[in-house]
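Structure, as structure tokens:
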Amino acid sequence: MKTFLALTGATALILGASVTSSAEWKHLSSTTGDIAVPNRGTQQTSATVFDIDKDGVNDFVITERTAAPSVVWYRRSKDGWSRGVIEPGLLRPEAGATFGDIDGDGDLDFIAGADGGGELGNQVWWWENPYPHLDPATGWKRHTIKRSGGASTTTLCSPTSTRTEAQSWSSGTRAGTRSSSRACQSTPR
């Protein structure tokens with residue numbers, strides 16, 4: 001039997017596996033204290049599920065664009081879910097994010113793009129997973145993949161047979177901009 005987890009309240013996310021005839025749902029909410037609130041912001045923009053700590057159990061990342069910390073992650077333990085910080089500062093991550101082994105060290109890094117223009121906008125970043133030194137209170141090292149484009153950026157990193165490539169589209173431009181930066185090309189397959 002597969003167990004599904006639905007998180008609601010300040011965190012809206014569904015984690016699941018393949019559906020079987022005897023699926024069981026467990027409802028957890030940050031409003032009732034079942035799971036820690038990501039931050040006090042009002043615009044959570046993405047939920048990305050992947051195994052951050054290489055324990056074979058999926059963790060998840062929540063981004064938020066109105067309050068710090070802008071990027072947090074949740075790790076599954078025997079006692080429930082614990083929250084850690086990836087980006088302690090205020091950024092404006094747009095809807096949608098992804099992951100990949102950007103630096104080729106065997107763990108999965110996190111990738112997101114910025115919403116809007118101005119100083120915090122028109123950017124795509126990746127955060128270097130510090131595995132095995134995962135300190136929930138310490139942010140991960142952030143790298144900039146690109147700083148250009150229109151008013152809104154959407155990012156996709158996809159593995160190819162030889163490397164991971166980042167592709168981004170900016171709504172303020174006519175055509176998407178394919179960004180194959182050094183960071184995304186450095187992952188041998």
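Here are a few things to note about the model shown:
- The stretch between Gln43 and Arg147, if pulled fully straight at 0.36 nm per residue, gains 35.2 nm over its current Cα-Cα span.
- All aspartates and glutamates inside 19 Å of Lys54 as judged from Cα atoms, apart from same-chain residues fewer than 8 positions distant: Asp79, Asp101, Asp103, Asp105, Asp107, Asp109, Glu128, Asp135
- Ordering 106-119, 34-47 by mean Cβ neighbour count within 10 Å, with the highest value first, yields 106-119, 34-47.
- Peptide packing: for 136-142, 98-104, 76-82, the average count of neighbouring Cβ atoms within 10 Å per residue gives the ranking 98-104, 136-142, 76-82, highest mean first.
- Extension reserve of the Ser29-Leu90 stretch, reckoned as 0.36 nm per residue once the Cα distance is removed: 19.5 nm
Read-outs: derived from the displayed coordinates by stated rules, not from any lab. What you see is a predicted model, and the numbers here were worked out from it, not measured in a lab. As a convention, Cβ positions derive from the backbone with ideal geometry for all residues, glycine included, and neighbour counts pool all protein chains shown.
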